[in-house]
Amino acid sequence: MQSFVVDADSHFSEPEDFFTSVAPAKYKDRVPHVEMVDGQRMWVFDGATMGRYSAGGVIGVDGSKEEAQKALFEWEHEKIHVGAYDPKVRLGVLDECGIDHQVIFPNTIGLGGQDIGLGTDDVLRHLTLEIYNDRMAQMQAESGNRLLPMPVMPAWDVASCVKEAERVAALGMRGVNMTSDPQDLGAPDLASREWDPFWEACASLKLPVHFHIGASVTGMNFYGQYFWESHPDNVKLAIGGTLLFIGNSRVVVNTILSRVFDRHPDLKLVSVESGVGWIPFILETLDYEMAENAPRELAQMSKPPSEYFKSNIYATFWFENHRNKLPDLIESVGEDNILFETDFPHPTCMYPHPLDTVEAKMMTLSETARNKILGENARALYRL
């Protein structure tokens, strides 16, 4: 194995004072905070519940991995590994796992920050978002850029997204975390040309735009409909998790066909926690479907839809084996377009020995491909 490793997807379990410890006094009871509601500790944002104050993962304080159904729906926050919410302890986890840098996404506010946008007070929404991003920027700086949290965007307003992208770039952050469905929050959908100023800002500032699975109100509503109600709860989790992985095919297809990459060729997009096995089929299908159903629109594109993936899009990889045909899959997707992830501390995470877990299958690849996937692609993307 090589020495330089970047984990492109992990999560932060926000402690209960994450927002209140730095919020102005008059907003402390309105920013996200924890209250007792019907006998349970709940996150509350401006009087509306956001969900349980739960562990937000499955790795326990002692490092053991618990069954997802129990950890996610029964554990209190105190049960989770301290590294899930303490940046200094998280650095120790990285050292234990042989990881040099780690990209981090939220838990409490939605995987794409979308839950902040559900607030109705615009001043409070912006304050909450800026608190989150400022604290993440501080975490990154204090870690010496080993921890790379992705700041969330005020997706309810295009101009605000441009301004916030510029602000977090000035703080040294290395990308942005975007909801896939800003129309849920009152903004145009991402195929609209109204988003061009935001795409241009991200391209010029070298901020790759990240779309995590389940990173929108629409995406999580889909999640709740994937399984049939008669299944046991733990099977529902497995079904939801399986289909969330390929849910980002919707994001990839819509983005490519919006022709955003023709207008902004330097823009980079990352499909996070989505795996890579579905990509060749979806891209082949996209070419075929456009030729069959939208030939005039296809002719307006500068190249076949499938080719935009290798020039502009990355995906993350962690558990897939593909029955000893991994080299063929990597060649099809593109070894320059794949990042490595662990998903710590979520249910599908590889812990405590992620590199040992993938070693055998990674050894089926060339040394160049291994190095790119485990760290070199991310080194270039995040300017490490």
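What follows draws every value from the coordinates through simple rules; no lab data is involved. Note that the coordinates shown come from a computational prediction; the quantities given were computed from them, not determined experimentally. Cβ placement follows ideal geometry from the backbone for every residue including glycine, while neighbour counts extend to all protein chains displayed.
Here Val61 and Arg296 are evaluated by their C-beta separation; at R0 = 51 Å the FRET efficiency comes out at 0.30.
Of all aspartates and glutamates in the structure, those lying under 18 Å Cα to Cα from Lys303, and not within fewer than 8 positions of it along the same chain, are Asp262, Asp266, Glu284, Asp287, Glu289, Glu292. Using θ = phi - 60° in the Karplus curve 6.51 cos²θ - 1.76 cosθ + 1.60, the 3J(HN,Hα) couplings for the range 178-183 round to 10, 5, 7, 9, x, 4 Hz; x is entered for Gly and Pro.
Computed from phi, the 3J(HN,Hα) profile of the range 48-62 under the Karplus parametrisation 6.51, -1.76, 1.60 (θ = phi - 60°) reads 10, 6, 10, x, 5, 7, 9, 5, x, x, 10, 8, x, 4, 7 Hz, with x in place of Gly and Pro.
Legend: distances between Cα atoms for Lys65/Lys236; Lys268/Lys325; Lys88/Lys206; Lys236/Lys310; Lys163/Lys206; pairs beyond 22 Å are Lys268/Lys325; Lys88/Lys206; Lys236/Lys310.
For the range 1-154, the relative contact order works out to 25 percent when only alpha carbon pairs closer than 8 Å and six or more residues apart are counted. Report summary: the helix-based calculation at 222 nm, which adds -39500 (n - 2.57) for every DSSP H run with n ≥ 4 and divides by the residues of the chain, gives -11500 deg cm²/dmol. Compactness of the range 1-143 was expressed as the Cα radius of gyration divided by 2.2 N^0.38 Å, which yields 1.09.
A full extension of the chain between Asn234 and Lys361 corresponds to an added length of 42.9 nm, given 0.36 nm per residue minus the alpha carbon distance.
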